[in-house]
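A.B. asks: Can you read through this structure? Questions will come right after.
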Amino acid sequence: MKINVITIDGPSASGKGALALRIANIFGFKILDSGALYRLYAYFFKMNFSPDEIISQINMNIIFNNHKNRLSIIYKEDDISSELRSESIAKLASELSSKKEVRDTLFNIQRNFYDGDILVADGRDMGTVVFKDAKLKIFLTASPEERAKRRYLELQNRGQEVNMPALIADIKKRDFKDSSREISPLIPAEDSITIDSSEMSLDEVFSFTESMIRKEFN
């Protein structure tokens, strides 16, 4: 039986987070940013918390606030969103996400975001592992160069120093690791719709998905 979930999977900087946020805000759906959970895991791991302590911190002390154009993450009244989006945390999260025990630990937290109401879930394995029975599955991708350009602008806007060739190399390396790992590799679900956004704006990607959403969810 299909459940009321829209999954948006894809590689790093493909725009899946922005698309998920747009869908959630336009339609009034709940949202799950699974990448944020992995970055939270990395954030607490760096602080030397044990796996059990990390889960406790996420369950007890984290609040996800959906603003109009961004998802902020509050830890004990402090907004740690920018820290979680740093390259160092992103790299550590990518390394940790290849470990079975980490994925198993976060699986139930991700599943618990679904309570019957329509949920938009973005990540790497939302449609292949976490919500295999989702009504609508989207695989959003773009060329490494285009994704590096987007990431470059994002980091530059935060005042972080970035190097474009290094970003492209890092994205290609991360793509290879994500798609070739044994556990939950980054691949489109068999019943997903693939969208290449290399030549598309967010508005165009949203327009493309809007009709599918209205069809599936009336």
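The values are calculated or read from the model by the stated rules, or taken from the named source; none is laboratory data. Since this is a predicted model, take the numbers as computed values, not measurements. As a convention, Cβ positions derive from the backbone with ideal geometry for all residues, glycine included, and neighbour counts pool all protein chains shown.
A.B. asks: Identify the residue in segment 66-90 that is of a type in the set (Ser, Thr, Tyr) and in contact (Cβ under 8 Å) with a residue 60 or more places away in the chain and, among all such residues, is surrounded by the fewest Cβ atoms within 10 Å (Cβ to Cβ).
C.D. replies: Start the filter on segment 66-90 by keeping residues that are of a type in the set (Ser, Thr, Tyr), which leaves 72, 75, 81-82, 86, 88.
In the following step, the residues that additionally are in contact (Cβ under 8 Å) with a residue 60 or more places away in the chain were identified as 82, 86.
On the way: Ser82: 12, Ser86: 15.
It comes out as Ser82.
A.B. asks: Which of (1) surrounded by fewer than 18 Cβ atoms within 10 Å (Cβ to Cβ); (2) among the hydroxyl-bearing types (Ser, Thr, Tyr); (3) touching an Asp or Glu at 6+ places or on another chain (Cβ under 8 Å); (4) in contact (Cβ under 8 Å) with a residue 40 or more places away in the chain is the odd one out, the single condition Ser34 does not satisfy?
C.D. replies: Exception for Ser34: condition (1).
A.B. asks: Just to be sure, is Ala42 within 12 Å of the chain's Cα centre (by Cα), modelled with pLDDT of 95 or more and under 30 Å from Leu153 (Cα atoms)? I'd like the intermediate steps shown before the answer.
C.D. replies: Values: within 12 Å of the chain's Cα centre (by Cα): no; modelled with pLDDT of 95 or more: yes; under 30 Å from Leu153 (Cα atoms): yes.
Criteria not met by Ala42.
A.B. asks: Considering segment 142-189 alone, what residues qualify as being among the basic types (Lys, Arg) and in a helix (DSSP H, G or I)?
C.D. replies: Step one: of segment 142-189, the residues among the basic types (Lys, Arg) are 147, 149-151, 158, 172-174, 177, 181.
Arg147, Lys149, Arg150, Arg151, Lys172, Lys173, Arg174, Lys177, listed by residue number.
A.B. asks: Here is a follow-up. Quick one: which helices (runs of 4 or more DSSP H) sit completely within segment 1-89 and have at least 2 residues that are among the aliphatic types (A, V, I, L, M) and under 29 Å from Glu146 (Cα atoms)? Explain how you work it out, then say what you get.
C.D. replies: Values: elements: 16-27, 34-46, 51-61, 81-84.
Hits in segment 1-89: 16-27, 34-46.
A.B. asks: Let me ask something additional. Could you please find all residues in segment 102-141 being in a loop (DSSP other than H, G, I, E, B) and closer than 20 Å to Leu71 by Cβ? Outline the logic, then answer.
C.D. replies: Within segment 102-141, the subset in a loop (DSSP other than H, G, I, E, B) is 112-118, 124-125, 131-133.
If the condition is that a residue be in a loop (DSSP other than H, G, I, E, B) and closer than 20 Å to Leu71 by Cβ, then Asn112, Phe113, Tyr114, Asp115, Asp117, Ile118, Arg124, Asp125, Phe131 are the ones that fit.
A.B. asks: Okay, next question. Does segment 24-34 contain at least one residue that is modelled with pLDDT under 95, within 27 Å of Ile168 (Cα to Cα) and not hydrophobic (A, V, I, L, M, F, W, C)?
C.D. replies: Yes: one or more hits.
A.B. asks: Pull out all pairs, ordered by first then second residue, where Cβ-Cβ is under 9 Å, the residues are six or more apart or on different chains, the first lies in segment 162-186 and is surrounded by fewer than 14 Cβ atoms within 10 Å (Cβ to Cβ), and the second is aromatic (Phe, Trp, Tyr) and assigned to a helix (DSSP H, G or I).
C.D. replies: Asn163/Tyr152; Met164/Tyr152
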